[in-house]
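Everything on this sheet refers to the single structure shown next.
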Amino acid sequence: MAKKGKKTSNNQMPVDPNQQYQYSGHQGMMPGHQGMPGHQGMPGHQGMMPGHQGMMPGHQGMPGQMSAPHMAAYPNQMPGGQMQMQNQMMQMMQMMMSGNMGIAGADTAAQPFTYTEVPEEEDPGLDADIIRPHQLRSVVKTQEPLPLDTVLDYLCLTEDSNYSLGGIPKGCTIAFVGPPGQGKTRTAISALCRIAYSGTRCAFVVAEEGFIDENDSGRDDLCSRLTKIGMKTLGLSEAQFQKKVAKNIAVLLSQYHKGSSWDNFVTRYRFIVEKEGIKFVIIDSLNMLDPSKTKTADNLSALKTYNHEKGVTCLTIGQIRDTGMPVGGEALIHTADAVFLLEEMGLTSKEMAALWGGKYRDRIVTIRAVKSVTTPIFPHPIRIHRDEERGVLIAHPEQPDIYKPLPTKEEAKKLQEQSPVSEEKQTDAEEQPAPEANAEEKPAPEVKAETTAEETTETPKKKTKKTASAPKEGEEKVEKPKKTTRKRKKTKEKSE
């Protein structure tokens, strides 16, 4: 037998310091160098770290169990498959101890750019609901109009109160309230068609009646009336209306007799606004969305807040009570951004009838702006009537001159463009009759002369009378003969 090497006191295998290790084209497990995964080490090699030998002889590692750090497995005590697994696990341990949790084989210089730490999100908490205006860039804005081509365009004014706004306030929630049968729905539908024709996405919330007559009962349903009003308003055929207008309108049915409640309406309203990108809404009517009519103002407040967040202009139609106040009372007026109220006014005197162009004791319909949060309002009521062609509400021609609605800026510009021509005509007219006026002034002395002649002819008579009665200087007064004869006759009769 070959003579074995002398064992050390710690029962370790003898190591020849002059022994050279050969590797078949692969780098060893030296510190700072990674080995190729899946290759088995050479027999009799030392461990990974210098000065640390392999495992104790006679102690075989458990299959799948990793050895302690900085220790290598004794190759003769473990099968080849377990040795491969051991090498891979040792490489992972080396990377963990060095603090680099990168991918094996990756450049350590690139790891800080490959694995960046994500900053932790801080919860703003209550501070999220606090707005500090001084941190905003621009806060000054001007109220923009949304033209409807109806009498509603003249109820709000510009900031300087010199012109009509030319439309309803854009981005606001408006309550359009009045008695039944005055043309509120027809006016709102006309406005809906006009805005949809401009390319704006619109929604029509129907709560009072069915939109389509599915049973073909012969009724002129709301869908048919909407189409006809839009055709008259825009001068389009039915095919053109379907192509250019109807495609931008979404109808939301919310009838309470079908089980719809306010909560259901809110869910579907949010869905259609956010999915379709709605920017203009007509609600007919707000009161019918809650049949109890006890939370009309609260419902409008929630609707208004949501419309502000999404930039939606909303025109809600409402009814009035017998007292003339809208359903919802003062709370509704306080909640809405703007309130337009239709009223009936009695002509209780002949002077009042003459002022408003009506008959004594007749009743006329007027509209006025009760409030507007973002704009000044026209301070006087406007008499209204229906347009013959479209059926929408417009200003009555008999509106008193002292209460005439203010023109819009565009109308004022047109008047200014026409005014130079009229001023030139006025100046020409003033210059032409100037010589005629001088000619008329010439015969004026003749008239005066005639009057003076008449006066002179009359004055001598008066003077002659006065001179006859007045005594001259140095002469005695002469009594009138008529008076003396009468006195003498009376004295004679008395004496007789």
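The values are calculated or read from the model by the stated rules, or taken from the named source; none is laboratory data. None of the values given here were measured: they were computed from a predicted structure. With ideal geometry, Cβ positions are generated from the backbone for all residues, glycine too; neighbour counts draw on all protein chains shown.
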Within region 180-210, tally of residues that are assigned to a loop (DSSP other than H, G, I, E, B), touching a residue at least 40 places away in the same chain (Cβ under 8 Å) and under 27 Å from the mean Cα position of the chain (by Cα): 7
From the options Ser217, Ser164, Ser224, Ser237, residue that is small (Gly, Ala, Ser), at negative phi and surrounded by 14 or more Cβ atoms within 10 Å (Cβ to Cβ): Ser164
Long-range neighbours under 9 Å by Cβ, at least six apart or interchain, first residue in contact (Cβ under 8 Å) with a residue 60 or more places away in the chain within region 221-232, second basic (Lys, Arg): Ile229/Arg186; Ile229/Arg390; Lys232/Arg390
Qualifying residues in region 262-286 (those that are among the β-branched types (Val, Ile, Thr) and within 17 Å of Thr173 (Cβ to Cβ)) - the one farthest from the chain's Cα centre (by Cα): Val266
Failed item, numbered, when Leu226 is tested on (1) of a type in the set (A, V, I, L, M); (2) over 24 Å from Ala336 (Cβ atoms); (3) in a helix (DSSP H, G or I); (4) in contact with a Lys or Arg (Cβ under 9 Å, 6 or more places away or on another chain): (4)
Count of residues meeting criterion [among the hydroxyl-bearing types (Ser, Thr, Tyr) and over 38 Å from the mean Cα position of the chain (by Cα)] in region 351-373: 1
Candidates Gly324, Gly329 - the one that is surrounded by fewer than 19 Cβ atoms within 10 Å (Cβ to Cβ), under 20 Å from Leu152 (Cα atoms) and without any contact (Cβ under 8 Å) to a residue 40 or more places away in the chain: Gly324
Index of the failed condition, Asp337 passing every other in (1) closer than 25 Å to His396 by Cβ; (2) touching a Pro at 6+ places or on another chain (Cβ under 8 Å); (3) surrounded by 13 or more Cβ atoms within 10 Å (Cβ to Cβ): (1)
Unmet requirement for Thr348, which otherwise passes all of (1) modelled with pLDDT under 95; (2) polar (S, T, N, Q); (3) part of a strand (DSSP E or B): (3)
Among residues of region 240-263, those that are modelled with pLDDT under 90 and assigned to a helix (DSSP H, G or I), counted: 5
Residues being of a type in the set (A, V, I, L, M, F, W, C), part of a helix (DSSP H, G or I) and at pLDDT below 95 - total across region 130-170: 0
Candidate set from region 210-243 (those that are of a type outside the set (S, T, N, Q) and in contact with a helix residue (DSSP H, G or I) (Cβ under 6 Å, 6 or more places away or on another chain)); member that is farthest from Thr187 (Cα to Cα): Ile212
In region 364-415, residue nearest to Ser164 (Cα to Cα) [restricted to those that are in contact with a Lys or Arg (Cβ under 8 Å, 6 or more places away or on another chain) and β-branched (Val, Ile, Thr)]: Ile377
From the options Ala207, Ala203, residue that is aliphatic (A, V, I, L, M), modelled with pLDDT under 95 and under 17 Å from Thr316 (Cβ atoms): Ala207
Residue in region 240-262 that is surrounded by the most Cβ atoms within 10 Å (Cβ to Cβ), counting only those that are among the small types (Gly, Ala, Ser) and touching a Ser or Thr at 6+ places or on another chain (Cβ under 8 Å): Ser254
Considering residues of region 273-295 that are among the charged types (D, E, K, R) and over 16 Å from His308 (Cβ atoms) only, the residue surrounded by the most Cβ atoms within 10 Å (Cβ to Cβ): Asp284
Hits in region 191-220 - residues which are touching a Leu at 6+ places or on another chain (Cβ under 7 Å) and of a type in the set (Ser, Thr, Tyr): Tyr197
